[in-house]
Amino acid sequence: MDLYEYQGKQYLARFGIPSSPGVLCNTVDEAQSRADDLGYPVVVKAQVKVGGRGKAGGIQLAADSEDVHRHAAAILGMDIKGYVVRRLWIEKASDIAREYYASFTLDRAVKLHLCMVSAKGGVDIEEVAATDPGAIARLHVDPVDGLSVTESAKLVAEAGLDEVARVQAADLLVKLYDCYVQGDCDLVEINPLILTTDGRVHALDAKVTLDDNAAFRHPEWGELGGSEELDARELLAKEKGLTYIGLSGSVGIIANGAGLAMSTLDVVNQVGGRAANFLDIGGGASADTMVSALEVINSDDAVRSIFVNIFGGITRVDEVANGVVEALRRVELRSPIVLRLDGTNAEEGRQILAGHLSDRIVVEDTMVGAARRAVAMAGSNR
Amino acid sequence: MSIFIDERTKVLVQGLTGTQGRFHGLRNRDYGTKVVAGVTPGKGGSDVDGVPVYDTVEEAVAETEADASFVAVPPRFAPDAIIESAAAGVRFIVCVTEGIPAQEEALFFNRLRRDYPSTRLVGPNCPGVISPGKCNIGITPGAIALTGGPVGIVSRSGTLTYQALHELSQQNVGQTTCVGIGGDPVPGTGFIDCLAAFEEDTDTRAVMLIGEIGGSEEERAAQFIADHMTKPVVCYIAGVTAPPGRKMGHAGAIISGSQGTAQAKMEALTAVGATVAQNPTQAAQLMVEVVKNLA
């Protein structure tokens, strides 16, 4: 789960990483009154989960209340790369002497954590990596050992951070590592990490991605979830605990396993159709999961046929079949279903469905055959 | 022959008394796998359908000489279960558990690499490993595999692994071993480990590699194929039409030096002489041709 900038900063703060004081606002009036409390100048920042906010005009300096009014009115409702701005973060402007970069993420190639630090922050770091790779100091951290202050200090010096910033930056880096590991993040990135004119080092931005698999040991994450930007179908799927991504085609897809679900999209595309969604019911899905999946697909007006592609492993095909039968009882399905069932308990599954087959509920033997059938059905069901 | 596991492999199941462990552990036994023990703390002395259950892996190994473990416990217990097996001298561990935090995976991967270098972990979040007719550890439905080789399979995706086995078996092409390495960020065993093992294995004469979007494992596998593989490789990469995935921030893109698209992976594999299919069915058809030409 990606966090908004303000959430990211609050998350970093739990681990003792300083950033500029600020407040979250949803309206122009609120922005104005809260800015008055903070004291000027302030920065008005669009809260969207996408990079390039500055270039898009979503970050503006305001010298007084009038400025805040003007900028807040312009930024709220602004569309930044497809994300509509619904909230603002108003923070006290910092006097910036230097802009740095710091991040931790996993380097999958060597299976170690990777810390990157650069004295060239505040700009697109991917461009720095491409044009001046030497400007980014890198250190692999073995999770068994962790990161020591000594190593951190060495890295900060190697990155060429100003002398006056180094002790604070080294300390901050160790805290950032704690946040990354104990906070169960996939990514923590501070760009820019600034040195103020009065010699303080703090985060001016924060990009934090939490590892959804760790949610079970972070009950406090519950309060962050409400901020996801989802469409109605995605919200319903999320409520039901399904992995769902809405697309724009007419063939509703239900598959087990991300790989098979992706492959199902590919095959539907290859036989001339378009998928309405990506939906992975996951491993070990029960009959209830299948009912939920069909409910979500059924709620999508664009769906004209449903392709259920199951290869049972940990998921048992008989459970899936029970789910389909149960869904037929509970939900009035608007679209015909094509099922392709193989793997664990497939025979039992087909037997469970045998009495329910009709011209609107059909079973096909192969994945490609089922895709063709589903695409054909979508075409004739308009 | 086969890689990693064969008819002599003795398997203990961590979590045999749980729903999933019992279902799949006993299915593995029914397949012919030597499932010799179960381990569940606090349930030692009982049995599951005749398979003795022990409190610790150490006891199970001492009593039964198990040399492989099937980890089928929930995410919060899996990291300790894996390390417990390695510490007890188990040389081969399959962990099917889905939903383990990435930080835990990174930690136990590096602990294994440092303290137990002779232990191989496959997974987590994988379907497991099957050497058809000899041994099946994990959740792969054994009936879809075909004995006799000559194809080795390595796959990142669970259900696509079954799809590949099924399609090949339908075409009467057998498999030596099929390894589902899992799609998690820190897989214990990667494509390259399996390609190297298949290259060594005399009975494996061609390899099917199934990848998916994200990361750069397939690109590194392509480099390995160019440098070390003499055997033909047929590939399929899932996700050509997938919506652009969640971008892992800038740091991720800098590291991998790749956007992780299916197209980029297919191009890398094609460039090193691998045969690249558009879907699982076509991958099997192309493999049938490859196998024909071997004779």
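The values are calculated or read from the model by the stated rules, or taken from the named source; none is laboratory data. None of these values were measured; they are calculated from a predicted model. No Cβ is skipped: glycine too gets one built from the backbone with ideal geometry, and neighbour counts run over all protein chains shown. The area values use the complete protein model at the heavy-atom level, side chains included, leaving out ligands, DNA and RNA. Shrake-Rupley method; radii C 1.70, N 1.55, O 1.52, S 1.80 Å.
So which of A:LYS55, A:LYS49 is assigned to a loop (DSSP other than H, G, I, E, B) and either touching a residue at least 24 places away in the same chain (Cβ under 8 Å) or hydrophobic (A, V, I, L, M, F, W, C) (or both)?
Working: A:LYS55 fails: either touching a residue at least 24 places away in the same chain (Cβ under 8 Å) or hydrophobic (A, V, I, L, M, F, W, C) (or both).
Unique residue meeting the criteria: A:LYS49.
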Sort out which residues of region A:266-318 are touching a Ser or Thr at 6+ places or on another chain (Cβ under 7 Å), under 30 Å from B:ASN136 (Cα atoms) and among the small types (Gly, Ala, Ser), and write them in order of number.
A:GLY282, A:GLY283, A:GLY284, A:ALA285, A:GLY312, A:GLY313
Is there any pair with a first residue in region A:165-188 that is among the polar types (S, T, N, Q) and a second that is modelled with pLDDT of 95 or more and surrounded by 23 or more Cβ atoms within 10 Å (Cβ to Cβ) whose Cβ atoms are under 7 Å apart and which are 6 or more apart or on different chains, and what are they?
A:GLN168/A:VAL201
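Rundown of residues vs (1) touching a Leu at 6+ places or on another chain (Cβ under 8 Å); (2) open to solvent by less than 60 Å² (accessible area, probe 1.4 Å); (3) of a type outside the set (Gly, Ala, Ser); (4) within 13 Å of chain B (Cβ to nearest Cβ), yes/no style:
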site	(1), (2), (3), (4)
A:ILE90	yes, yes, yes, no
A:ILE96	yes, no, yes, no
A:ASP107	yes, yes, yes, yes
A:ALA119	yes, yes, no, no
A:ASP145	no, no, yes, yes
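Quickly run through region B:69-101 and pick out the residues that are among the small types (Gly, Ala, Ser), surrounded by fewer than 22 Cβ atoms within 10 Å (Cβ to Cβ) and more than 18 Å from A:ALA215 (Cα to Cα). Break it down into steps so the answer makes sense when it comes.
Within region B:69-101, the subset among the small types (Gly, Ala, Ser) is B:69, B:72, B:78, B:81, B:85-89, B:99.
So of that shortlist, the ones also surrounded by fewer than 22 Cβ atoms within 10 Å (Cβ to Cβ) come out as B:87-89, B:99.
B:ALA87, B:ALA88, B:GLY89, listed by residue number.
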Cβ contacts < 8 Å: first residue farther than 22 Å from A:ALA261 by Cα, restricted to region B:162-173; second residue part of a helix (DSSP H, G or I) and open to solvent by 10 Å² or more (accessible area, probe 1.4 Å), any location; separation 6+ or different chain. Result?
B:GLN171/B:GLN285; B:GLN171/B:VAL288; B:VAL173/B:VAL288; B:VAL173/B:VAL291
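Any residue at all in region A:68-78 that's surrounded by 13 or more Cβ atoms within 10 Å (Cβ to Cβ) and touching a residue at least 60 places away in the same chain (Cβ under 8 Å)? Don't jump to the end; show me each part of the working.
So the first thing to find is which residues in region A:68-78 are surrounded by 13 or more Cβ atoms within 10 Å (Cβ to Cβ), and the list is A:68-76, A:78.
Still in the list and also touching a residue at least 60 places away in the same chain (Cβ under 8 Å): none.
Looking through region A:68-78, none of the residues is surrounded by 13 or more Cβ atoms within 10 Å (Cβ to Cβ) and touching a residue at least 60 places away in the same chain (Cβ under 8 Å).
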Looking only at region B:64-85, decide whether some residue is in contact with a Lys or Arg (Cβ under 7 Å, 6 or more places away or on another chain), on the phi > 0 side of the Ramachandran plot, more than 14 Å from chain A (Cβ to nearest Cβ) and at pLDDT 95 or above.
yes
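Let's see how each residue does on (1) of a type outside the set (Gly, Ala, Ser); (2) open to solvent by less than 60 Å² (accessible area, probe 1.4 Å); (3) in contact with a Phe, Trp or Tyr (Cβ under 9 Å, 6 or more places away or on another chain):
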{"site": "A:ILE310", "(1), (2), (3)": "yes, yes, no"}
{"site": "A:ALA321", "(1), (2), (3)": "no, yes, no"}
{"site": "A:LEU341", "(1), (2), (3)": "yes, yes, yes"}
{"site": "A:THR344", "(1), (2), (3)": "yes, yes, yes"}
{"site": "A:LEU357", "(1), (2), (3)": "yes, no, no"}
{"site": "A:VAL363", "(1), (2), (3)": "yes, yes, no"}
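Inside region A:246-259, can you point out the residues that are touching a Ser or Thr at 6+ places or on another chain (Cβ under 6 Å) and either at positive phi or at pLDDT 90 or above (or both)?
Within region A:246-259, A:VAL251, A:ILE253, A:ALA255, A:GLY257 meet the criteria.
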